[in-house]
1. Which links in Lys98/Lys140; Lys167/Lys192; Lys165/Lys189; Lys138/Lys196; Lys121/Lys142 stretch past 20 Å when you go from one Cα to the other?
2. Write out the trypsin sites (Lys or Arg not before Pro) in segment 167-216 meeting two conditions: DSSP loop, and at most 16 other Cβ atoms within 10 Å of their Cβ.
3. Can you tell which of Val197, Gln74, Cys109 lies farthest toward the positive end of the dipole of segment 61-213, using +1 and -1 charges on the Cβ of basic and acidic side chains (Lys, Arg; Asp, Glu)?
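No value in this document is a laboratory result; all are computed from the given coordinates. Source: prediction; values computed, not measured. Glycine also receives a Cβ, built like all others from the backbone with ideal geometry; neighbour counts cover every protein chain displayed.
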Amino acid sequence: MAKKKVAKKISKKKVTPKKVAKKPATKTARKPEKKVATTKKTAKRAKSVKAAESGALVESFLKSGDPAPTFKLQIDSGEWVSLEQFRGKTVVLYFYPKDDTPGCTQESCDFRDSFARLSAKGVVVLGASKDSVGSHQKFKAKYQLPFALLSDEAGNLCESYGVWKEKSMYGRKYMGIERSTFVIDSAGKIAKVYPKVSVTGHVEQVLADLMELGAI
């Protein structure tokens, strides 16, 4: 009789673990589906926000024929300059990342070397970056740049022309000025856009396009 009772107790204990094991398996199978859906939506929103902040959504914001965004900024001399005061003249506005860095220096010196030819035809050259007026003064004096440099410390000019972008260097992402040039015609409209400028040969290309436009 003692042996039969023990056998019954053991059989009951074996059944219990099986019932308990089924419950958590059903609950954990449902949760991941909800989390994955939420993660996808969140990632999508984050990607859109990031694209907007990096300027990717204004890639084609300015094109030929569009009115050039107006501005009023200090130049290297401390004077205030506006786009309106150059109405009636062709303006070459080039954006560069930083004063006295290799690529920016080469580009500025290339414009310097062609400045006599441009100014003889009434073409105005303006450089622009987020450097301070004091930084521009030193940069201009060091390389004897004959044209004005706009100080856009607040970044409003860069944003209005769509050149403030997300950049990458050695795997590190950061916001900065994408080297770009805009030719603005005598009526204050965009005549030519040069995005993602490569310094080598750039000024020569601008000169060739200005000849085609009849500006020089």
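1. Working: Lys98/Lys140 12 Å; Lys167/Lys192 23 Å; Lys165/Lys189 23 Å; Lys138/Lys196 26 Å; Lys121/Lys142 26 Å.
Beyond 20 Å between Cα atoms: Lys167/Lys192; Lys165/Lys189; Lys138/Lys196; Lys121/Lys142.
2. Numbers: sites: Lys167, Arg172, Lys173, Arg179, Lys189, Lys192, Lys196; in loops: Arg179, Lys196.
For trypsin sites (Lys or Arg not before Pro) across segment 167-216 that sit outside H, G, I, E and B with at most 16 neighbouring Cβ atoms in 10 Å, the list reads Lys196.
3. Val197
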